[in-house]
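Peer 1: Sharing a structure with you now.
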Amino acid sequence: MIELNPLTGERKNRGQYMHSANGKKIYLFDPRAEDIDIEVVAHHLATNNRWNGATQHKQFRSRISFSVAEHSVYCARYIVEVLGKPQYELEALLHDGPEYVTGDMIRPLKHEPTIHRVYAPVELSWEKAFAKRFNLSFPLPKEVKMADEAVCAAESQQIVPKDPNDEWQSGKMHDDSAVAPYEIEMMDAFRAKEFFLQAYEDAIRRRHKYASLPSAA
């Protein structure tokens, strides 16, 4: 029998927590679908930088941050517009959803074996919670990874500075055989949050064609 706190009604001993944008606790090692709030997800992803912040817009020097939220919208567009798989639009938009908790760990760290052994189970537990909360296909279909790689390739070409005196092919951890045809805007955090939430609303509006809607869309 699960023991509940008589004052809050919560399960006792949920473990370590982090602060969230709406002032509530997020329990890192006890993810539950019912705790996931899309507004909070959007906020955290919009303030979470990809490429560990190693980004710079080629035209506008003031644009130095590129968020997971903006990246996610491009992935959703790519899977619909390029891959022709609109049934996976929501999966593509939310494929990095767990990073609202874990952050966007760069691939050289994430896939280092000693780190991956610890990180992977945490990531998987949140992926399952997201799948339950939003009624997503699980595991994610291969097309989501294809979209992610194509957008990553576009980012690498457009906004990641590379010293021409260095060699960049060896050790590369993304597939650039396909490049997403989108201009990477590098929106500020507030605009990126709104961009993501609008994409979510659009995806939900079309979702009934392909799958059941989330219980609290």
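Peer 1: Counting only protein heavy atoms, what percent of the accessible surface of the chain is carbon or sulfur at a 1.4 Å probe?
Peer 2: The C+S portion of the solvent-accessible surface of the chain is 53 percent.
Peer 1: Would you please classify the overall shape of the chain from the alpha carbon gyration tensor, given that a ≥ b ≥ c denote the square roots of the eigenvalues, rounded means a/c under 1.5, and beyond that prolate means a/b larger than b/c while oblate covers the rest?
Peer 2: prolate
Peer 1: So which chymotrypsin sites (Phe, Trp or Tyr not before Pro) in the stretch 167-217 are both in a DSSP loop and have at most 15 other Cβ atoms within 10 Å of their Cβ?
Peer 2: Passing sites in the stretch 167-217 are TRP168, TYR210.
Peer 1: Also, quick follow-up: How high is the FRET efficiency from TYR17 to LEU109, r the C-beta distance, R0 22 Å, rounded to 0.05?
Peer 2: 0.40
Peer 1: Also, quick follow-up: By how many degrees, between 0 and 90 and to the nearest 10, does the Cα long axis of helix 113-134 differ from the longest principal axis of the chain?
Peer 2: Roughly 70 degrees, rounded to the nearest 10.
Peer 1: Between exposed GluC sites (Glu not before Pro) in the chain, where DSSP calls loop and at most 15 other Cβ atoms lie within 10 Å, what's the longest gap?
Peer 2: Longest gap between qualifying sites, sites excluded: 11-166.
Peer 1: Would the stretch 24-101 count as rounded, prolate or oblate if I go by the C-alpha gyration tensor, calling it rounded below 1.5 in a/c and otherwise prolate when a/b exceeds b/c, oblate otherwise?
Peer 2: oblate
Peer 1: Post the alpha-carbon centroid distance, the stretch 56-83 to the stretch 137-192, in whole angstrom.
Peer 2: After rounding, the separation between the Cα centres reads 9 Å.
Peer 1: I want the local charge near GLN87. Using Cβ-Cβ distances under 15 Å, sum +1 for each Lys or Arg and -1 for each Asp or Glu among the other residues.
Peer 2: Surrounding charge for GLN87 is +2.
Peer 1: Would you mind checking the pairs LYS85/LYS162; LYS85/LYS209; LYS24/LYS132; LYS24/LYS193 and listing those with alpha carbons more than 22 angstrom apart?
Peer 2: The pairs that break the limit, which is 22 Å between Cα atoms, are LYS85/LYS162.
Peer 1: Counting other Cβ atoms within 10 Å of each Cβ, which trypsin sites (Lys or Arg not before Pro) in the stretch 72-126 have at most 15 and sit in a DSSP loop?
Peer 2: none
Peer 1: Say each of ASP175 and LEU28 gets a label point 7 Å from the Cα, pointing the same way as Cα to Cβ; how far apart are those two points in nm?
Peer 2: 3.2
Peer 1: Quick check on the stretch 40-159: take the gyration tensor over C-alpha atoms, sort the square-rooted eigenvalues as a ≥ b ≥ c, and tell me if it's rounded (a/c under 1.5), prolate or oblate.
Peer 2: Oblate, because a/c is 1.5 or more while a/b does not exceed b/c.
Peer 1: Under a 1.4 Å probe, what is the accessible area of the chain per residue, stated in Å²?
Peer 2: 56
Peer 1: While we're looking at this one, here's another question. To test your reading of the geometry: what angle, between 0 and 90 degrees and rounded to tens, separates the Cα axis of helix 189-207 from the longest principal axis of the chain?
Peer 2: The two axes meet at around 70 degrees.
The values are calculated or read from the model by the stated rules, or taken from the named source; none is laboratory data. These figures come from a predicted structure and were not determined experimentally. Backbone-built Cβ (ideal geometry, glycine too); neighbour counts: all protein chains shown. When the accessible area is computed, the model is the full protein with side chains, heavy atoms only, and any ligands, DNA or RNA have been set aside. Shrake-Rupley method; radii C 1.70, N 1.55, O 1.52, S 1.80 Å.
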